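**Q** Supplied in structure tokens, the structure appears directly below.
The values are calculated or read from the model by the stated rules, or taken from the named source; none is laboratory data. Bear in mind that the values here come from a model prediction, so they are computed numbers and not experimental data. No Cβ is skipped: glycine too gets one built from the backbone with ideal geometry, and neighbour counts run over all protein chains shown. These area figures cover heavy atoms from the full protein model, side chains too; ligands, DNA and RNA do not enter into them. Shrake-Rupley method; radii C 1.70, N 1.55, O 1.52, S 1.80 Å.
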Amino acid sequence: MKQTIDSVLQSVGVFRHYCGYRYLILAVKLAAREPQRLQNVRKEIYLPVAQMCHTDIMNVEKNIRTVRDVMMRNGGARLLSEMTEDVWTNNAPYPKEIIEIFAEYFADGLKENGL
């Protein structure tokens, strides 16, 4: 069975009531559609997400960081290790790294669904 971003986030305790939940999904879609956006995350990802959600860049970054923290407390290190074949036990990735990992992992599925 193919996993979705929703099911993966929920498997590590990140549910829709977190503001960062929607921000992360939008950010992942932007990065999957145009990976070069990861070169300038604030301008090319956080700003468009902030505009779509009627908030500011700082809220987008802060709330994605919150999602990252919840993930890491609830098995996120294991999940990220599976997604990247790398070890994440000592350090939590930066928000932009989470976006990149999810974008690469789900890119094919997002494209099949019309992104």
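**Q** Contact list please: Cβ distance under 8 Å, first residue in segment 36-48 and at pLDDT 95 or above, second residue outside any helix (DSSP H, G or I), pairs at least six apart or on different chains.
**A** Glu44/Glu34
**Q** Against the conditions (1) in contact (Cβ under 8 Å) with a residue 60 or more places away in the chain; (2) farther than 20 Å from Asp6 by Cβ, where does His54 fall short? Just the number, please.
**A** All conditions are met except number (1).
**Q** Conditions first: (1) surrounded by 21 or more Cβ atoms within 10 Å (Cβ to Cβ); (2) on the phi > 0 side of the Ramachandran plot. Tyr46 passes all but one, so which condition is the exception?
**A** (2)
**Q** Restricting to segment 73-92, give me the number of residues that are modelled with pLDDT of 90 or more and outside any helix (DSSP H, G or I).
**A** 1
**Q** Six or more apart or on different chains, Cβ atoms under 6 Å: show the pairs whose first residue is in segment 1-26 and free of Cβ contacts under 8 Å to residues at least 24 places away in the same chain and whose second is surrounded by 16 or more Cβ atoms within 10 Å (Cβ to Cβ).
**A** Filtered contacts from segment 1-26: Ile25/Ile5.
**Q** So, one more: Out of curiosity, is Glu112 at positive phi, modelled with pLDDT under 85 and charged (D, E, K, R)? Give the steps one after another, and end with the answer.
**A** On the way: at positive phi: no; modelled with pLDDT under 85: yes; charged (D, E, K, R): yes.
The answer is no for Glu112.
**Q** OK, next. Restricting attention to segment 73-86, and to residues there that are within 16 Å of Glu97 (Cβ to Cβ) and among the polar types (S, T, N, Q), which single residue is surrounded by the most Cβ atoms within 10 Å (Cβ to Cβ)?
**A** So, considering only residues that are within 16 Å of Glu97 (Cβ to Cβ) and among the polar types (S, T, N, Q), the one surrounded by the most Cβ atoms within 10 Å (Cβ to Cβ) is Thr84.
**Q** Sticking with this structure for a sec: Among the residues in segment 50-72, are any open to solvent by 60 Å² or more (accessible area, probe 1.4 Å), assigned to a helix (DSSP H, G or I) and of a type in the set (S, T, N, Q)? Steps first, answer last, please.
**A** Step one: of segment 50-72, the residues open to solvent by 60 Å² or more (accessible area, probe 1.4 Å) are 51-52, 54, 56, 58, 62, 65, 69.
Pick out the ones that are also assigned to a helix (DSSP H, G or I) and you get 51-52, 58, 62, 65, 69.
Now drop any that are not of a type in the set (S, T, N, Q), which leaves 51.
Looking through segment 50-72, at least one residue is open to solvent by 60 Å² or more (accessible area, probe 1.4 Å), assigned to a helix (DSSP H, G or I) and of a type in the set (S, T, N, Q).
**Q** Scan Gln10, Gln3 and give me the residue that is of a type in the set (S, T, N, Q) and either in contact with a Ser or Thr (Cβ under 9 Å, 6 or more places away or on another chain) or not in a helix (DSSP H, G or I) (or both).
**A** Step by step, each of Gln10, Gln3 is checked, and only Gln3 is of a type in the set (S, T, N, Q) and either in contact with a Ser or Thr (Cβ under 9 Å, 6 or more places away or on another chain) or not in a helix (DSSP H, G or I) (or both).
**Q** So, in segment 1-38, exactly how many residues are open to solvent by 40 Å² or more (accessible area, probe 1.4 Å) and within 17 Å of Asp108 (Cβ to Cβ)?
**A** 10
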